[in-house]
1. Cross-link partners among lysines for Lys317, C-alpha distance below 18 Å, same-chain residues fewer than 8 apart left out?
2. Stretched out fully, how many nm does the piece from Ser169 to Asp74 gain, at 0.36 nm a residue minus the Cα gap?
3. With a 1.4 Å probe and all protein chains left in place, how much accessible area per residue does the chain have, in Å²?
4. Just by accessible area at a 1.4 angstrom probe, what is the order of Arg270, Arg308, Arg3, Arg187 from largest to smallest?
5. I'd like to know how region 98-171 sits against the 2.2 N^0.38 Å rule of thumb: what's its Cα Rg over that expected value?
6. Rounded, prolate or oblate: pick one for region 7-196, where a ≥ b ≥ c are the square roots of the eigenvalues of its C-alpha gyration tensor, a/c under 1.5 means rounded, and failing that, prolate if a/b is larger than b/c, else oblate.
7. Please give me the summed charge of the neighbours of Arg237: other residues whose Cβ is under 13 Å from its Cβ, Lys and Arg +1, Asp and Glu -1.
8. Once both labels are modelled 7 Å past Cα along the beta-carbon direction, what's the Asn82-Cys193 spacing in nm?
Amino acid sequence: MGRRITLDEFIVENQTQQDQASGAFSGLLRHIGIAAKIVNRIVNKAGLMDILGVDGNVNSSGDTVQKLDIYANDLMIEYLQNSGLCAGVASEELDSFVSFTNKFNRNNKYIVVIDPLDGSSNIDVNISVGTIFGIYQRISPATDELQLTDFLQKGIHQVAAGYVLYGTSTMLVYTTGDGVNGFTYDRGIGEFCLSHPDMKIPQTGNNYSINQGYYKQFSEGIQQYLDECADKSMMQRYIGSMVADVHRTICLGGVFLYPRTINNPNGKLRMLYECSPLSFVIEQAGGLSINDQGMRIMDIEVSELHQRSSIIIGSSKNVEGILKYLE
Ligand code: AHG
């Protein structure tokens, strides 16, 4: 077996091929990779470290905070700050964005949005969780203080996005707008190694992924679509960790849906931290991502940090096939 290219090597090689990939941008991706390794280590031995369970608080998005959410959040922010390459971060776990004010960071042109530990309610029962990130260029001049508007950007303005899946193996998958590549963590050498070059989602697939328990809360159109899936004996798969459900969808084809419900009339998932980054990845893999009104997620205006959205994301033919059921 030949030697596999590491994430660092891949980033450096790509840096020379891409106009927009300055050294700073590549360095930022590398630091996200380093932080992911540490989160991975902690997630793996969480049961031994008294860091399972709830923290006792509710975050800005209204979710119950787990101890590991806080750990992953603080660690990611610390690494992004120490990278000296990022001007600030908005996190699903924080009410407001964080501006890095030290002299190494304040003039940087990139900002990061992050869901440090997506699906964390699964962690106590040893089910896969993930980290999701998106990178944007700031809008305000690098000499000024960061503004809220630096973060309220549509998905189409992302310069990179990706996720880390802490699953049966740990994978980092990302795009810089030139396809999608996946790296599997090799514990033996402590590196992410290229294992899934140029990932493509099948154009169609037999899996559909949705929390079927909300059936009665969905619109009539979504209910009809689900009835049709059942009539066709399609495979229903739902982990409840978006990263894991979307990763399976990329690998096998099919569709992941989190539509509006009576309890979550705007959808549950967060535009900045979950929907936009995963939409960028899936589009770059050849798929589609829309909300349950048929609008492309990446084109939707963002007006608040914790804005929620419905989402239908997956194989192009599956997503197109759902359009006729939407209002
Ligand atoms: P959390 O990080 O609070 O566990 O939320 C997980 C997210 C997402 O990853 C998943 O797809 C969805 O919420 C699951 O929501 P339901 O439990 O409502 O199905």
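The values are calculated or read from the model by the stated rules, or taken from the named source; none is laboratory data. In this text the structure is predicted, and so the values were computed from the model without any measurement. A quick note on method: Cβ atoms are made from the backbone with ideal geometry, for glycine too, and the neighbour counts reach across all protein chains shown. The accessibility values were calculated without ligands, DNA or RNA, using every heavy atom of the protein model including side chains. Shrake-Rupley method; radii C 1.70, N 1.55, O 1.52, S 1.80 Å.
1. Lys200, Lys232
2. On the way: separation 95, 0.36 × 95 = 34.20 nm, distance 2.35 nm.
Extra length from Ser169 to Asp74 when fully extended: 31.9 nm.
3. 42
4. In descending accessible area the options line up as Arg3, Arg187, Arg308, Arg270.
5. On the way: Rg = 15.4 Å, N = 74, 2.2 N^0.38 = 11.3 Å.
Dividing the Cα Rg of region 98-171 by 2.2 N^0.38 Å gives 1.36.
6. Values: a/c = 1.92, a/b = 1.19, b/c = 1.61.
The shape class here is oblate.
7. Counting the neighbours of Arg237, the net charge comes to 0.
8. 2.6
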